[in-house]
Amino acid sequence: MKIIRVKDANEGGKKAFEIFNEALNNNAQVFGLATGSTPITLYQELSKSNLDFSDKISVNLDEYVGLDADNEQSYHYFMKKNLFNAKPFKKSYVPDGSNLDEKKATSDYDKIIDENPLDLQLLGIGRNAHIGFNEPGSPFDGTTRKVALTQSTIDANKRFFEKEEDVPKFAYSMGIGSIMKSKKILLIAYGEDKAEAIANTINGPVTEEVPSSILQNHPDVTIIIDEAAASKL
Ligand code: GLP
């Protein structure tokens, strides 16, 4: 694992931008993208740059079940607002949260992932070390699944909703097995409340109880962290 320490999210966004730029120069075609507050400074850098993704593919990690693409809390909407409006891709895939047929929604997404092998997968991390929405206990060889969000994740994400009851309880998430197939992985974490998850990711045992710990077994992982997220290393 390559660890890059940065001062804050602004510097982290610039470092992450360099990695995206390098991937483009190395002819990456498929970019795995993430939501949450963490990638925002990267998306700002990409949005104001002259990089061109108009012949590239993006594949997002996850989406809430029950929210359609126009819902302002959906990850579809988040991606449009924070990146795709400024930087369109040839084709952008996000799991279809409006499809309540779990089997169809997940197998359709697996087909998309199989047809578009990931060159670079961007990851944030949950306080409990979840990646995508793969909560502790998720299988390391998993493909796209419907997952029940843990209370810790609901608590962390309720800030984006008017009331806690509005936070969806389920999501469709790319599985850890699919994430691990990406040629390159970039994980970013900022802030004190990610410090324990980061310490466990880098130094802890590889266990399904710490979903991100599997990254220790991937040959090409870069982790960008600020001082607060690095404070338990
Ligand atoms: C959500 C997303 C994850 C993200 C995590 C952390 O649960 N499904 O992909 O990494 O939140 O979010 P934040 O970056 O806002 O801390």
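The values are calculated or read from the model by the stated rules, or taken from the named source; none is laboratory data. From a predicted model like this one, the values you see are computed outputs, not experimental measurements. Cβ atoms come from the backbone with ideal geometry, glycine included; neighbour counts cover every protein chain shown. In case anyone asks, the SASA skips ligands and DNA or RNA and just uses the protein heavy atoms, side chains included. Shrake-Rupley method; radii C 1.70, N 1.55, O 1.52, S 1.80 Å.
Would you please name the residue that is farthest from residue 99 (Cα to Cα), looking only at residues in region 153-185 that are at pLDDT 95 or above and part of a helix (DSSP H, G or I)?
For region 153-185, the residue satisfying everything is 180.
Consider region 207-231. How many of its residues are outside any loop (DSSP other than H, G, I, E, B) and of a type in the set (A, V, I, L, M, F, W, C)?
6
If I go through region 128-152 residue by residue, how many of them are crowded, with 17+ Cβ neighbours inside 10 Å and outside any loop (DSSP other than H, G, I, E, B)?
Final tally of qualifying residues: 4.
Could you say which residue among 205, 211 is at negative phi and either charged (D, E, K, R) or touching a residue at least 24 places away in the same chain (Cβ under 8 Å) (or both)?
Only one candidate qualifies: 211.
Name every residue in region 199-220 that is touching a Lys or Arg at 6+ places or on another chain (Cβ under 7 Å) and either within 13 Å of residue 125 (Cβ to Cβ) or open to solvent by less than 20 Å² (accessible area, probe 1.4 Å) (or both), in order of residue number.
Once the filter is applied, which keeps residues that are touching a Lys or Arg at 6+ places or on another chain (Cβ under 7 Å) and either within 13 Å of residue 125 (Cβ to Cβ) or open to solvent by less than 20 Å² (accessible area, probe 1.4 Å) (or both), region 199-220 yields only 199.
I'd like the full set of residues that are within 16 Å of the ligand (Cβ to nearest atom), open to solvent by 20 Å² or more (accessible area, probe 1.4 Å) and assigned to a loop (DSSP other than H, G, I, E, B), limited to region 1-34.
Within region 1-34, just 8 meets the criteria.
Are any of the residues in region 118-127 over 29 Å from residue 199 (Cα atoms) and open to solvent by less than 50 Å² (accessible area, probe 1.4 Å)?
Scanning region 118-127 turns up no residue that is over 29 Å from residue 199 (Cα atoms) and open to solvent by less than 50 Å² (accessible area, probe 1.4 Å).
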